[in-house]
Structures are given as C-alpha cells and as structure tokens.
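Okay, structure first, notes after.
The values are calculated or read from the model by the stated rules, or taken from the named source; none is laboratory data. Computed from a prediction, not measured in an experiment: that's the story for all the values here. Cβ: placed from backbone, ideal geometry, glycine included. Neighbour counts: every protein chain shown. Heads up: the accessible areas ignore ligands, DNA and RNA and are worked out on the full protein's heavy atoms, side chains in. Shrake-Rupley method; radii C 1.70, N 1.55, O 1.52, S 1.80 Å.
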Amino acid sequence: MKYYLRYFSVFTFLFLVFSCGNSDDDVNLDLNFGDGLGKGEPVDECLNLGESDLVLSIQEQYTTLPGKVSILFKVSDTNGNPVSQLTANQFTIYEQGRNDECFNTISASESFARISPNSQIFNSNTLLVLDLSNSVLSSSLDELKTASVTFVNNVMPATTQESYKMAIYWFDGEDELHLLNDLTSSKEELVAAIDSITDDISNDPSTDLYGAVIKSTKIAEDLLKDNIKDDVIGAASVVVFTDGTDQASRYKEEEALKKVAEANGNISFFTIGLGAEIDTQVLSDIGKTYSVFAGNAEELENTFNDISLKISERANSFYLFEYCSPKRDGSGDNNLAIRVVDGSRQGAVQTKFSAKGFTGGCE
C-alpha cells in the first residue's frame, strides 16, 4: 500500500527509521526534530512510572491488519541529546481498553515486539562540503583528504545500502558550489573522488563560505522534496569544512544564517573549523546541530570523527517499534503507553490507536 507523506530533513544523518508490511491509507510519516513528545502525551498517573530521564517523541503511528501497531519515534535525553542503539527488550508496552481502569502490561514475547528495519521508506543523505581555497590546498590538503576518507568510512554503512547516500562538494572564491562526486551509496566511489583532489583543483584563492552554505542548503532541501515525491522519508545532513572566514563577500552573513535558520527542520547542520583564522561564533551559528574546531591540520581527523559520531547517533536514535496487539475489532480507541529503560534512565510516552478490523496475529 502507499505511504502518503506530507513531510520531512539530517543526518545527516542520517537515522534508522523503519517499517514493514502494508499500512493504513493517508499515513503521514513526517519527522519532528523539535522538542517535546511530538504526537504523544504524558503517561497516565495510574502507571506510576516516576520522573523521566528520557524523552520519547512520537513522529507517527499506524496500524496494519490483522493486528499490528507501529509507532515511529525518536529517543533523546532531557537535554536533547540523541539516544541510539536501543533494542526491543528495553521497551515495555502497556495498553488500556475502554473497560480497563488502568493499563495492562503486554508481553513483549507474546506480542512479537520488535524494532523493525525496512530501508525502502527511508533515505539518509549527507552533503560533505569542503573548503578548497588556496590556504587549504597549500598547507593542509593531505590531512583534509585523510580526514575526509575516515569520515566517509564512518558515516556510510559497512555494506552498501541504497538508503544511505553521500555527495561531496567543494568551494573556493567562485560563485559556484563545485560537485566533486554526486550522491552515491558507494564508499569506494566517494573515497576515489577524495583521492583525486589535487593542489591545482582551484583557480580562485578566495573563500565564498556564505555562498557555499546557501547553495548546499538549497541542494539538501531539493533532496527532501524528491523524497516526498517518491513517498520516502528523507533526512539530510550538511557538513561544512573551512579553515577561514568568508573573503569573497558575494553574500552577506545574514543571508547565510537566515537560510540555515529557515531550512527544513529535517536538515541537520554541522561545521568543522581549522586554524586561528576562523570565526568560531559564525561557524557555530551555521553548524547549529553541532560544531567542532581543530587547532591544526594534525587534529583534523579527530574533528571529522567527532562529527561522524554525532551524525550516526542522530540517525540511530529513531525507531520503528512494532508489536501485535491483543485488542480486537469493536474495542474502539485504546490507550497505548511505551516505556524505555536504558541503564538507570527511563522515559515513557502515551498515545491512542484504533483496533478497527483487528482479528488476530501479525504479518
């Protein structure tokens, strides 16, 4: 069946977002990167779960006959930091029907509860945007190439997956964002493109940083629009590296920051700065998701590693939790609560689902 998306940005992420089987018509799988519980609500006090250290923000939910309930959500701590790599056995399901005073715990094993990967409805696109102005080419090109290769290897899956793609762009002083390698799921292709960079690739020694930010944001937004047309969830991450400030003055700082601030909420922005000539405040404003700075070229690989870790954590903090409900047709709307426990931390969220048409079993 179709998934109808009204939509969604990362990264960057890139994320693990999943689905399986056919679902109801008119499903909106827009992702919400904002604060709070998303489409969920606080759990009923009768559950007495205590204070939450984790936030489960429901992005979307749907049911699939004969009896499957699917909840797409992200998990973060109370400071907004993503929580990744959770497994199905860390979740507890509670249901409350119209005849129940409070919630009943649903056995995870009997309900076949699982985290369901299904990449055909999810795309994670990363745009790596490199400053190849004269100062980089003349003093830190080798270190940048090594760091970029490491970044590609860390962000892209170990085995090729069409749902995870990356493109590489570069900029100098020209009013153009140069394409080094188009969007691809091949790590080998990306690494080969990086290896092909030579110190004579640029003819303009200046730095059009603000232009690169504006243009790369536009590319990321267009990728998300293409995802919508294909009924696919899409996330984008824009990662900008530079060793200096904007020298070309083709665009204003305010224009670049406005473009980032008003970008699709599903686009994550990361910046990597090198050396003493960078404006850390500007780069922090551009890299509103996360920014990191290297004092010298030798530190570049570590900073690129930091960014790749953040992108991975963000991607893997999204879950599609699915289970077979014991509720049956005629039971009306039912309250559902999901609790997650991660070490000493816990959190929960509540929502509703209709068991209309439910019989038994799951496909």
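Here are the numbers:
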| item | result |
| --- | --- |
| Selection from the stretch 78-88 of residues that are under 16 Å from the mean Cα position of the chain (by Cα) and open to solvent by 20 Å² or more (accessible area, probe 1.4 Å) | Gly80, Asn81, Pro82, Ser84, Gln85 |
| Strands (runs of 3 or more DSSP E) contained entirely in the stretch 251-363, each with at least 2 residues that are under 30 Å from Lys39 (Cβ atoms), open to solvent by 70 Å² or more (accessible area, probe 1.4 Å) and modelled with pLDDT of 90 or more | 345-354 |
| From the options Thr92, Thr87, Thr150, residue that is under 30 Å from Leu190 (Cα atoms) and of a type in the set (Val, Ile, Thr) | Thr150 |
| Extreme residue, nearest to Asn316 (Cα to Cα), among residues of the stretch 164-185 that are outside any strand (DSSP E or B) and open to solvent by 30 Å² or more (accessible area, probe 1.4 Å) | Glu176 |
| Whichever residue in the stretch 31-41 is at pLDDT below 90 and surrounded by fewer than 17 Cβ atoms within 10 Å (Cβ to Cβ) and, among such residues, is nearest to Ser268 (Cα to Cα) | Gly34 |
| Qualifying residue in the stretch 189-197 (condition: buried (at least 20 other Cβ atoms within 10 Å of the Cβ), assigned to a helix (DSSP H, G or I) and modelled with pLDDT under 95) | no |
| Filter result (of a type in the set (Val, Ile, Thr), in contact with a Phe, Trp or Tyr (Cβ under 6 Å, 6 or more places away or on another chain) and under 13 Å from Glu221 (Cβ atoms)) within the stretch 235-274 | Val238, Val260 |
| Counted residues, the stretch 157-190 - those being under 26 Å from Asp142 (Cβ atoms), among the β-branched types (Val, Ile, Thr) and in contact with a Ser or Thr (Cβ under 9 Å, 6 or more places away or on another chain) | 1 |
| Some residue of the stretch 134-148 being among the aliphatic types (A, V, I, L, M), open to solvent by 10 Å² or more (accessible area, probe 1.4 Å), outside any helix (DSSP H, G or I) and out of contact with any strand residue (DSSP E or B) (no Cβ under 9 Å at 6 or more places or on another chain) | no |
| Flag if Val69 is farther than 17 Å from Ser331 by Cα, in contact with a strand residue (DSSP E or B) (Cβ under 8 Å, 6 or more places away or on another chain) and modelled with pLDDT of 90 or more | no |
| Within the stretch 216-236, considering residues that are modelled with pLDDT of 95 or more and either within 13 Å of Ile286 (Cβ to Cβ) or crowded, with 24+ Cβ neighbours inside 10 Å (or both), the one farthest from the chain's Cα centre (by Cα) | Ser216 |
| Lone qualifier among Asp53, Asp131, Asp100, Asp44 - being in contact with a strand residue (DSSP E or B) (Cβ under 6 Å, 6 or more places away or on another chain), at negative phi and surrounded by fewer than 19 Cβ atoms within 10 Å (Cβ to Cβ) | Asp53 |
| Residues of the stretch 150-163 that turn out to be open to solvent by 40 Å² or more (accessible area, probe 1.4 Å) and of a type in the set (A, V, I, L, M, F, W, C), as a count | 1 |
| Contacts under 6 angstrom Cβ, first residue in the stretch 277-297 being closer than 21 Å to Gly211 by Cβ, partner in a helix (DSSP H, G or I) and open to solvent by less than 60 Å² (accessible area, probe 1.4 Å), 6 or more apart | Asp285/Leu257; Ile286/Val213; Ile286/Val260; Ser291/Leu283; Ser291/Ser284 |
| Odd one out for Glu95, checked against (1) at pLDDT below 75; (2) more than 30 Å from Val238 (Cα to Cα) | (1) |
| When residues of the stretch 89-109 are limited to those that are under 33 Å from the mean Cα position of the chain (by Cα) and assigned to a loop (DSSP other than H, G, I, E, B), the one farthest from Ser325 (Cα to Cα) | Phe103 |
